[in-house]
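Participant: Pasting a structure below so you can have a look.
The values are calculated or read from the model by the stated rules, or taken from the named source; none is laboratory data. The model shown is predicted, which means the values in this text are computed figures rather than measured ones. Don't worry about glycine lacking a Cβ; one is built from the backbone with ideal geometry, like all the others, and counts go over all protein chains shown. Just so you know, the surface numbers come from the protein's heavy atoms only, side chains and all, with ligands and any DNA or RNA stripped out. Shrake-Rupley method; radii C 1.70, N 1.55, O 1.52, S 1.80 Å.
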Amino acid sequence: MINFFQPYAEYGGEWLPVLLDAMLKTTLLSISAFALAVVFGLLLWFCQASSAPSLRHFASLYVTVVRGVPLLAVLFLLYFGLPGIGVTFDAFTAAMLGLALCFAAQVAEVFRAGMMAIPKGQREAALAVGFTPGQCFAFIILPQVVRVVLSPMIVTFVSLLKDSSLASLITVDELVLTGRAMATEYFLPLQIYIAVGLCYFLVAWPFSLLSRRLAVR
């Protein structure tokens with residue numbers, strides 16, 4: 001047991017700054033991708049709720065296809081495939097777009113479920129007292145939907161954070177790729193990957209606690 005913890009005492013001063021920098025990059029990637037996923041997901045949700053059949057069919061097809069395709073395949077397509085037709089992204093941008101495009105489908109489904117949780121009588125009552133359809137949505141429906149979906153959205157962000165580890169396979173210098181490089185340099189894979197896992201836990205745990213508190217409230 002003492003031998004297991006000895007590398008942390010011996011190399012901790014060298015590992016800590018490297019892991020903290022990688023953790024910052026992972027957090028930045030996750031937050032950027034999730035922000036885009038929310039924007040894309042809202043657009044998909046509006047398409048799902050649209051009166052235009054073409055928009056509804058497009059949103060339904062997108063959600064079905066994206067949820068059935070592995071995230072890694074999307075990342076490889078964006079980073080390795082698109083340059084074949086002249087479209088090139090750096091690794092960070094490709095990872096951010098790939099995560100956003102895949103998780104947008106989940107965000108759209110979360111908002112759709114939140115919308116279904118609001119009784120239809122809310123809209124009917126608002127229209128009956130003189131609200132326009134736009135005012136009804138903005139001031140009556142949307143605030144209630146946001147309250148319903150807030151906890152599931154945090155869970156979705158935590159899932160995105162963990163799936164961001166796949167970005168290491170397209171050379172994004174985040175926690176997993178940094179840990180792999182450190183394991184190659186120090187020949188201590190067990191201790192290093194435990195430290196990497198702890199870094200992910202330190203980022204995800206506060207959001208998990210927040211999600212539980214919101215769910216209880």
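Participant: Cβ contacts < 6 Å: first residue more than 11 Å from residue 173 (Cα to Cα), restricted to the range 12-35; second residue open to solvent by less than 80 Å² (accessible area, probe 1.4 Å) and outside any helix (DSSP H, G or I), any location; separation 6+ or different chain. Result?
Facilitator: Sorted first by the residue in the range 12-35, then by its partner, the list stays empty.
Participant: Mind telling me which of the residues 63, 74, 69 ends up being of a type in the set (Val, Ile, Thr) and in contact (Cβ under 8 Å) with a residue 40 or more places away in the chain?
Facilitator: The unique qualifying residue is 63.
Participant: Any residue in the range 86-100 that is without any contact (Cβ under 8 Å) to a residue 24 or more places away in the chain sitting within a Cβ distance under 8 Å of a residue that is part of a helix (DSSP H, G or I)? List the pairs, counting only those 6 or more apart or interchain.
Facilitator: That search, which allows pairs on different chains as well, returns 88/82; 89/78; 89/79; 89/82; 89/97.
Participant: Sticking with this structure for a sec: Can you confirm whether the range 122-132 contains a residue that is over 14 Å from the mean Cα position of the chain (by Cα), crowded, with 18+ Cβ neighbours inside 10 Å and at pLDDT 85 or above?
Facilitator: Checking the range 122-132: not a single residue is over 14 Å from the mean Cα position of the chain (by Cα), crowded, with 18+ Cβ neighbours inside 10 Å and at pLDDT 85 or above.
Participant: I would also like to ask the following. Do you know which of the residues in the range 46-94 that are small (Gly, Ala, Ser) and loosely packed, with under 11 Cβ neighbours inside 10 Å is nearest to residue 141 (Cα to Cα)?
Facilitator: 51
Participant: Before we move on, is residue 178 more than 20 Å from the chain's Cα centre (by Cα) and either among the polar types (S, T, N, Q) or under 23 Å from residue 20 (Cβ atoms) (or both)?
Facilitator: Criteria met by residue 178.
Participant: Return the pair list, or none, for Cβ contacts closer than 7 Å from residues in the range 116-136 that are farther than 19 Å from residue 46 by Cα and among the aliphatic types (A, V, I, L, M) to residues that are at pLDDT 80 or above and surrounded by 12 or more Cβ atoms within 10 Å (Cβ to Cβ), at least 6 apart or on different chains.
Facilitator: Cβ pairs passing all conditions: 126/136; 126/140; 127/136.
Participant: With the requirement that a residue be surrounded by fewer than 19 Cβ atoms within 10 Å (Cβ to Cβ), of a type in the set (Ser, Thr, Tyr) and within 17 Å of residue 34 (Cβ to Cβ), what does the range 162-199 give you?
Facilitator: 165
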